[in-house]
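So the structure is just underneath, and the comments pick up after that.
Every number in this text was worked out from the coordinates using simple rules, so none of it is lab data. The model shown is predicted, which means the values in this text are computed figures rather than measured ones. Positions of Cβ are backbone-derived with ideal geometry, glycine not excepted, and every protein chain shown enters the neighbour counts.
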Amino acid sequence: MREISPLQRERQAYKPKLAGVLANGINNIKLTFGEKTEAVADKEEIKALFPHVYGEPIAKFSNQGSDLSTSTINVGVILSGGQAPGGHNVIAGLYDALKSANPNNKLYGFLGGPSGIIDGKYTELTDEIMNNYRNTGGFDIIGSGRTKLETEEQFKKSLEVCKNLNIGAIVIIGGDDSNTNACLLAEWMKANNTGISVIGCPKTIDGDLKNDQIEISFGFDTATKTYAELIGNIQRDANSAKKYWHFIKLMGRSASHVCLEAALQTQPNITLIGEEVEAKKQSLDEIVSYMADIIARRAEMGKNFGIALIPEGLIEFIPEMKIMIASLNDLLAGLEKDANYQNASQDEKYQIITSKLDEKSAKLFNSLPSQIKAQLLMDRDPHGNVQVSKIETEKLLIEMIKVKLADMKKQGKFNGKFSDQAHFFGYEGRCAAPSNFDADYCYSLGYNAFALIQSGLTGYLSSIKNTTKPASQWVAGGVPLTMMMNMERRHGEMKPVIKKALVELDGPVFKALESHREKWAMNDCYIFPGAIQYFGPASVCDVTTITLQLEQENKPAMV
Ligand code: FBP
């Protein structure tokens, strides 16, 4: 018998709330279609690359009848990319829908991410396995991975595996890159008349897989609440000891939603938002000056402590860095098979790189501490992304601020003390036990994915809307994946990918931060949110993120 904590035992008994329209059971759902759709940008290129799944209409479920297929089906499920709280509940929702439709249906979990379907590594999910993972964090039920699905050979191997297991549909649970995989696979499966459909589910703690049709990606709610708890605890420590400046880097590779939400929940002294840095074309030096100024002004008030939140992806938003990183990406893609470069020492590598960069980027690269240089040259992930979680931006800023403050001291502009602590919160939140919101939302996403499959759809993303309302009012349907795609440069080539949603600087969420941050900089308005609550009043346990409330209802929420 597995040993589990008392909380996990209680949580296993939790029955996630289903979106209203799905709550009458899988055999009481009818599909309706909206207008045909277009890609968000680069329409012609996307249409040409996805001729069989492009432009399908938005799908919506109602209870006005029932027209879903009742035939027996085996489904394969893949967890893809970084972990996000609630993934197990997506699988639980899919499993329960599939079994309630027909107990002979089977669900196969492919092991270790997309590579599982290529290599034929799988397990059949059973009641016993599933029950051990309900309402738990993590992706360990079947594991995850970041393999990019794109070659003919990979697709053919996947088809072979599916044929052996008599699989009629595949569900890919992932972020923008993983759902790009889903779209490529759906296109290939349809183009080759395999009869296998592919449905995606929107996952990522980063919160950047969202648009008019997808209100939130799962995991964002739990992860941000977990980080907010930790930040609140540190704020209380800082406010007690009054001796450290805490620099806290928060995950979110390409967008600053996590940092923004955590800031609204905790009200720290400094919050950097990458999208703002880019819009204002701020240089690294300007960011350092902005932070040093707040540190000096607080020191004048006798406050030699504070909290600064830094988004993980900051470095790629600083225009000069962005240009340099884009050149590095192309250069490194070209040097992948260059034995001279691969066998060179670290210092020689820096020289080779510097000789190939333009003058400005070379100068910037050389000005960075060698640790950061090495981190910038690390392998890209299989989708071509820089591994920003490994770049210690918080430490880079601390070092640069020390130099700036020393200079300000000489000029009589800083008379305080600066003692630093660096933190990085990322992995701490990605496998937390899902909040009630994520538990319910994920279960509905998975259940809904099966409804999309039995409607005969392919190349769709499972969509649950109206999420700031009680689950009984949630709306269920599907969004064509091609609708979210555009062309972007990856590994030195233009590729079709799902467009990431960045923080909108004229949107209500950023405006809420902007209107408060000067007050939060000087006064200590810290909020201590405490741990996620699973049992208790709905006003505590079921409340959604401030981001979601502001985006969907423009409600002032806590701020
Ligand atoms: P996904 O986009 O796959 O959801 O992952 C996001 C993320 O958590 C980022 O915030 C972070 O930069 C990255 O994963 C870290 O990746 P890894 O788990 O490979 O270290």
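Evaluating 6.51 cos²θ - 1.76 cosθ + 1.60 at θ = phi - 60° for every residue in region 88-102, the Karplus couplings come out as 5, 6, 4, 5, 5, x, 4, 4, 5, 5, 4, 6, 6, 5, 6 Hz, glycine and proline recorded as x. Taking the charge dipole of the chain about its Cα centre, with +1 at Lys and Arg Cβ atoms and -1 at Asp and Glu Cβ atoms, the residue from ASN486, PHE317, THR354 reaching farthest to the positive side is PHE317. How big is the gap, in Å, between the Cα center of region 274-295 and the Cα center of region 359-380? The distance from the Cα centre of region 274-295 to that of region 359-380 comes to 19 Å.
Among LYS203/LYS322; LYS356/LYS417; LYS163/LYS390; LYS225/LYS373, which pairs are too far apart, with a Cα-Cα distance over 31 Å? Beyond 31 Å between Cα atoms: LYS356/LYS417; LYS163/LYS390; LYS225/LYS373. Only DSSP H runs of four or more residues enter the estimate; each adds -39500 (n - 2.57), and after division by the residues of the chain the mean residue ellipticity at 222 nm equals -13000 deg cm²/dmol. Of the GluC sites (Glu not before Pro) in region 1-80, the ones in a loop by DSSP (not H, G, I, E or B) with at most 10 other beta carbons within 10 Å are GLU3, GLU35.
Between the C-alpha center of region 48-96 and that of region 492-559 there is a gap of 28 Å.
Positive end of the dipole of region 1-47 (Cβ unit charges, origin at the Cα centre): among ILE26, GLN12, ALA39, the Cα lying farthest that way belongs to GLN12. A dipole drawn for region 42-160 from +1 and -1 charges on Cβ atoms has a positive end, and of LEU149, ALA101, ILE58 the residue lying farthest that way is ALA101. Starting from one equal scatterer on each C-alpha and no solvent at all, send me the Debye-based log10 I(q)/I(0) for region 443-559 at q = 0.24 Å⁻¹, two decimals. Debye curve over Cα of region 443-559, log10 I(q)/I(0) at q = 0.24 Å⁻¹: -1.31. Note on region 88-181: semi-axes of the ellipsoid equivalent to its C-alpha gyration tensor, largest first and rounded to whole Å, are 22, 16, 11. Dipole magnitude for region 151-248: computed about the Cα centre from +1 point charges on Lys and Arg Cβ and -1 point charges on Asp and Glu Cβ, it is near 340 debye. By definition, a body whose alpha carbon gyration tensor gives a ≥ b ≥ c is oblate when a/c is 1.5 or more and a/b is not larger than b/c, and region 317-473 fits this oblate description. Note on region 66-140: the C-alpha convex hull projects to 5.5 nm² when averaged across all orientations.
Here, region 165-224 has an Rg and a Dmax of 13.4, 42 Å when only alpha carbons are counted. Note on region 476-559: lysine pairs with Cα distance below 24 Å, sequence gap of 8 or more or different chains, count 5. Taking every Cα-Cα distance in the chain and sorting them into 20 Å bins from zero, the calculated P(r) comes out as 21, 52, 25, 2 percent.
Neighbour counts of other Cβ atoms within 10 Å put HIS491, HIS246, HIS257 in the fewest-to-most order HIS491, HIS246, HIS257. Counting only Cβ charges, +1 for Lys and Arg and -1 for Asp and Glu, the dipole size of the chain around its Cα centre is about 900 debye. Out of the DSSP beta bridges found with both residues in the chain, what percent are antiparallel (nearest 5)? Once the DSSP bridges in the chain are tallied, antiparallel ones form about 40 percent. A straight line joining the Cα centroids of region 396-439 and region 105-177 runs 39 Å.
Charge dipole of region 67-172 (Cα centre as origin; +1 on each Lys and Arg Cβ, -1 on each Asp and Glu Cβ, all else neutral): 80 debye, rounded to the nearest 20.
I need the GluC sites (Glu not before Pro) found in region 165-262, filtered to DSSP loop residues with at most 13 other beta carbons within 10 Å of theirs. In loop regions of region 165-262 (DSSP not H, G, I, E or B), there are no sparsely surrounded GluC sites (Glu not before Pro). When each of GLU518, GLU316, GLU399 is scored by the number of other beta-carbon atoms lying within 10 Å, the sequence from fewest to most is GLU518, GLU399, GLU316.
Amide H to amide H, with H built 1.01 Å from N, GLY200 comes under 5 Å of ILE172, TYR460, LEU461, SER462, counting only residues 5 or more places away or on other chains. Taking 20 °C and 1.002 mPa s as conditions, region 112-254 diffuses translationally at an estimated 120 µm²/s according to Stokes-Einstein applied to its Kirkwood radius (Cα pairs). Spatially close Lys pairs in region 1-156, defined by Cα atoms under 24 Å apart and a spacing of eight or more places or different chains, total 23.
Region 441-500: percent of C-alpha pairs farther apart than 19 Å? Of the Cα pairs, 45 percent sit more than 19 Å apart.
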